[in-house]
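The values are calculated or read from the model by the stated rules, or taken from the named source; none is laboratory data. This one's a predicted model, so the numbers in the text were calculated from it and none came from an experiment. Here Cβ is always computed from backbone atoms with ideal geometry, including for glycine, and neighbour counts include all displayed protein chains. Quick note on the areas: whole protein, heavy atoms, side chains included, nothing else; ligands and nucleic acids left out. Shrake-Rupley method; radii C 1.70, N 1.55, O 1.52, S 1.80 Å.
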Amino acid sequence: MSEKLLNWDEVLIGGAIKDPGNSKSYETGSWRVERPVWNPESCIQCMFCWVYCPDSSILVDENGKMSGIDYDHCKGCGICVEQCPTKPKSLAMLLEADAKGKSEEDLRKEVFSK
Amino acid sequence: MGKKVALTGNEAAAHAIRQINPDVVAAFPITPSTPIPQNVAQFIADGEMDTELVTVESEHSAMSACVGAAAAGGRVMTATSANGYALMWEILYIASGSRLPIVMAVAARALSAPLNIHGDHSDIMGGRDTGWIQLIAENSQETYDNLIQAIKIAENKDVMTPALGAFDGFNISHAIEIWELEDDNKVKEFVGEYTPLYPLLNTKEPVTHGAWAPPDWYFEHKMNQLEGLLNAKDVVVKVGKEFGSAFGREYGLYEAYKMDDAEYVIVAMGSVCGTTKDVVDSLRENGVKAGLLKIRLFRPFPYKELADALSSAKAVAVLDRVSPAGAQGGALFTEIRSALYDANSRPPVINYTYGLGGRDTQPQHINSVYDKLKTIAETGKVDKQFDCLNLRGTWG
Ligand code: SF4
Ligand code: SF4
């Protein structure tokens with residue numbers, strides 16, 4: 001978290017927040033036990049995952065295409081995987097512990113090359 | 001100019017709301033406060049006010065609608081009693097924690113079970129720590145006056161905390177008394193326009209209300225909230241003085257009735273104070289130095305000022321219209337006794353529960369309390385710290 005912690009007499013009254021959208025600075029990704037891994041090869045760009053993700057963690061590029069996952073905020077609920085309609089699925093869950101220290105590219109290969 | 005009217009306490013509350021003409025009233029009917037929203041609805045139908053009346057499906061929804069409307073930036077009022085107040089519980093904390101200066105009239109009533117719709121303080125005393133300012137009236141006049149002042153107190157920039165104006169169910173809510181209804185325009189001028197701090201509807205300055213505060217923020221917000229509540233004490237005095245200049249009836253934190261040299265003192269709040277004043281008058285005629293310390297502001301509790309006001313007392317009896325519920329005594333007793341711990345005089349303090357579920361309290365009962373205080377002052381002995389007034393059977 002990058003926010004400055006304020007004293008009791010510095011906070012805005014009533015817990016009001018004058019810079020809406022500052023939940024972005026709160027990195028909920030650290031809560032994750034499992035993470036979704038994306039396979040762009042089989043993805044049909046239906047955007048179901050983007051619609052269903054409760055944490056707005058499906059990244060979209062300038063052309064409106066699914067372009068990956070925001071791991072700073074994805075809580076690892078797995079809803080995107082449930083919703084993905086391709087067979088086999090273009091998203092798969094992987095234990096966070098098994099993903100540690102590996103690049104996204106390596107993880108993709110590991111998960112989807114079977 | 002104001003005029004004398006003969007109306008009930010509920011009508012006094014309704015007239016205060018009519019004259020304040022808040023943006024929103026969201027309410028659900030419950031005895032004994034039902035006539036308040038009912039009268040407000042009539043005033044709106046008759047074109048005497050243009051408040052948006054939200055008829056909700058429960059008191060939980062009533063207070064929720066109040067919170068939403070107040071966050072949007074409106075001046076908001078409501079009314080309730082007893083189980084309705086209890087059903088609001090969760091949202092009472094959200095109103096105070098969000099610093100929304102909602103003003104609520106509470107016709108104080110017993111809580112079930114057993115089912116009882118009559119007056120006592122079980123509701124407001126149970127909710128004393130919900131973070132609301134609590135003003136308690138003795139009669140219809142004070143019910144009316146308190147609600148008008150509550151708007152100015154709650155909306156003060158240093159306070160920004162919701163306030164309730166309580167008055168005893170039935171004893172006040174349904175009793176017709178003669179009181180002074182002030183001129184509409186003078187009341188409007190007194191309460192003035194409300195400028196909300198962070199209104200949701202101001203799209204030019206977007207703001208978030210009701211966000212969460214994790215463990216590294218919550219504590220700071222709660223202490224910030226407490227400061228607002230504590231600030232209300234000075235504002236209550238200031239607004240009470242302003243009210244005095246505008247309407248001729250000045251108010252403070254409490255009322256000291258024949259307290260200057262009082263040795264035997266009853267501390268109480270609500271309609272029982274009227275009966276107690278009569279008893280004090282007749283005792284004084286017989287040379288007994290009796291006095292009454294009437295609580296007006298219960299939250300924030302002005303413990304220092306109240307302890308000072310009791311400095312001449314040789315024995316004190318605190319009357320609570322609520323069960324002690326397992327504490328050493330009733331809610332008012334524990335506060336007063338704690339306040340007196342630091343006083344030099346530290347007089348003996350006893351406690352009575354009275355009037356539960358609308359049980360009548362008559363001059364003879366109040367007289368028995370003063371008799372007890374005299375005995376305690378003379379003998380220096382307290383045989384019973386807690387007792388009940390007008391209960392069948394001997395307690396303890
Ligand atoms: S796992 Fe849940 S939070 Fe993460 S991207 Fe998928 S739907 Fe969103
Ligand atoms: S749901 Fe599956 S196929 Fe559809 S966009 Fe997301 S990853 Fe691609």
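Go through the range A:19-51 and count every residue that is away from chain B (no Cβ under 14 Å) and either open to solvent by 50 Å² or more (accessible area, probe 1.4 Å) or of a type outside the set (Gly, Ala, Ser) (or both). Spell out how you get there, then give the answer.
Initial filter on the range A:19-51 (away from chain B (no Cβ under 14 Å)): A:29, A:32-51.
Those still in the list that are either open to solvent by 50 Å² or more (accessible area, probe 1.4 Å) or of a type outside the set (Gly, Ala, Ser) (or both) too: A:32-41, A:43-51.
Of the residues in that region, 19 qualify.
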> Just to be sure, is residue A:104 at negative phi, more than 10 Å from ligand 2 (Cβ to nearest atom), at pLDDT below 95 and open to solvent by less than 30 Å² (accessible area, probe 1.4 Å)?
Replying inline: no
> Given (1) within 9 Å of ligand 2 (Cβ to nearest atom); (2) within 11 Å of the chain's Cα centre (by Cα), where does residue A:52 come up short, assuming only one miss?
Replying inline: (2)
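Is at least one residue of the range B:187-194 free of Cβ contacts under 8 Å to residues at least 60 places away in the same chain, open to solvent by 60 Å² or more (accessible area, probe 1.4 Å) and over 28 Å from residue B:109 (Cα atoms)?
Initially, the range B:187-194 is screened for residues free of Cβ contacts under 8 Å to residues at least 60 places away in the same chain, giving B:189-190, B:192-193.
Keeping just the survivors that are open to solvent by 60 Å² or more (accessible area, probe 1.4 Å) gives B:189, B:193.
After this cut, where a residue has to be over 28 Å from residue B:109 (Cα atoms) as well, the list is B:189, B:193.
So far as the range B:187-194 goes, yes, one or more of its residues are free of Cβ contacts under 8 Å to residues at least 60 places away in the same chain, open to solvent by 60 Å² or more (accessible area, probe 1.4 Å) and over 28 Å from residue B:109 (Cα atoms).
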> Any idea how many residues of the range B:260-294 are closer than 18 Å to residue B:350 by Cβ and assigned to a loop (DSSP other than H, G, I, E, B)?
Replying inline: 5
> In the range B:365-396, what count of residues is obtained for those that are of a type in the set (A, V, I, L, M, F, W, C), under 20 Å from residue B:334 (Cα atoms) and out of contact with any helix residue (DSSP H, G or I) (no Cβ under 6 Å at 6 or more places or on another chain)?
Replying inline: 6
>> Among (1) under 19 Å from residue B:107 (Cβ atoms); (2) surrounded by 24 or more Cβ atoms within 10 Å (Cβ to Cβ), there is one condition residue B:296 misses while meeting the rest; what is its number?
In response: (2)
>> Quick check on residue B:327: is it surrounded by fewer than 18 Cβ atoms within 10 Å (Cβ to Cβ) and assigned by TED's automatic domain parsing to the domain that holds residue B:271?
In response: yes
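Can you tell me which residue in the range A:54-66 is farthest from ligand 1 (Cβ to nearest atom), limited to those that are among the hydrophobic types (A, V, I, L, M, F, W, C) and open to solvent by less than 30 Å² (accessible area, probe 1.4 Å)?
First pass over the range A:54-66, keeping only residues among the hydrophobic types (A, V, I, L, M, F, W, C): A:58-60, A:66.
Filter once more, so that each one left must be open to solvent by less than 30 Å² (accessible area, probe 1.4 Å): A:58, A:66.
Values: A:58: 6, A:66: 11 Å.
Ranking the qualifying residues of the range A:54-66, first place goes to A:66.
Within the range B:155-170, restricting attention to residues that are over 30 Å from residue B:116 (Cβ atoms) and hydrophobic (A, V, I, L, M, F, W, C), which residue is nearest to the other protein chains (Cβ to nearest Cβ)?
At the first step, the residues of the range B:155-170 found to be over 30 Å from residue B:116 (Cβ atoms) are B:155-161.
Right, trim to hydrophobic (A, V, I, L, M, F, W, C) and you get B:159-160.
Numbers: B:159: 10, B:160: 6 Å.
Among those residues, the one meeting the criterion is B:160.
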> How do the pairs read when you match residues in the range A:4-18 that are at the interface with chain B (Cβ under 7 Å from one of its Cβ atoms) and basic (Lys, Arg) with residues anywhere that are open to solvent by 100 Å² or more (accessible area, probe 1.4 Å) and part of a loop (DSSP other than H, G, I, E, B), using Cβ under 8 Å and keeping only pairs 6 or more apart or on different chains?
Replying inline: A:18/B:205
>> I need every pair where a residue in the range A:67-86 that is within 6 Å of ligand 1 (Cβ to nearest atom) has its Cβ under 6 Å from the Cβ of a residue that is of a type in the set (Lys, Arg), sequence separation at least 6 or different chains.
In response: A:75/A:32; A:76/A:32; A:76/A:35
> Taking the range B:39-66 as the region of interest, how many residues are part of a loop (DSSP other than H, G, I, E, B), open to solvent by 40 Å² or more (accessible area, probe 1.4 Å) and touching a residue at least 24 places away in the same chain (Cβ under 8 Å)?
Replying inline: 3
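Every residue in the range B:346-368 that is on the phi < 0 side of the Ramachandran plot and open to solvent by 60 Å² or more (accessible area, probe 1.4 Å), please. Break it down into steps so the answer makes sense when it comes.
So in the range B:346-368, the residues on the phi < 0 side of the Ramachandran plot come out as B:347-354, B:356, B:359-368.
Across the range B:346-368, the qualifying residues are B:356, B:359, B:360, B:362, B:363, B:364.
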> Looking only at the range B:67-91, which residues are crowded, with 24+ Cβ neighbours inside 10 Å and over 19 Å from residue B:17 (Cβ atoms)?
Replying inline: B:71, B:82
>> Of the conditions (1) in a loop (DSSP other than H, G, I, E, B); (2) more than 24 Å from the chain's Cα centre (by Cα); (3) within 11 Å of chain A (Cβ to nearest Cβ), residue B:219 satisfies every one except a single condition; which number is it?
In response: (1)
>> Could you list, ordered by first residue, the pairs with Cβ atoms under 6 Å in which the first is in the range B:301-312 and in contact (Cβ under 8 Å) with a residue 60 or more places away in the chain and the second is open to solvent by 20 Å² or more (accessible area, probe 1.4 Å), at least 6 apart or interchain?
In response: B:302/B:233
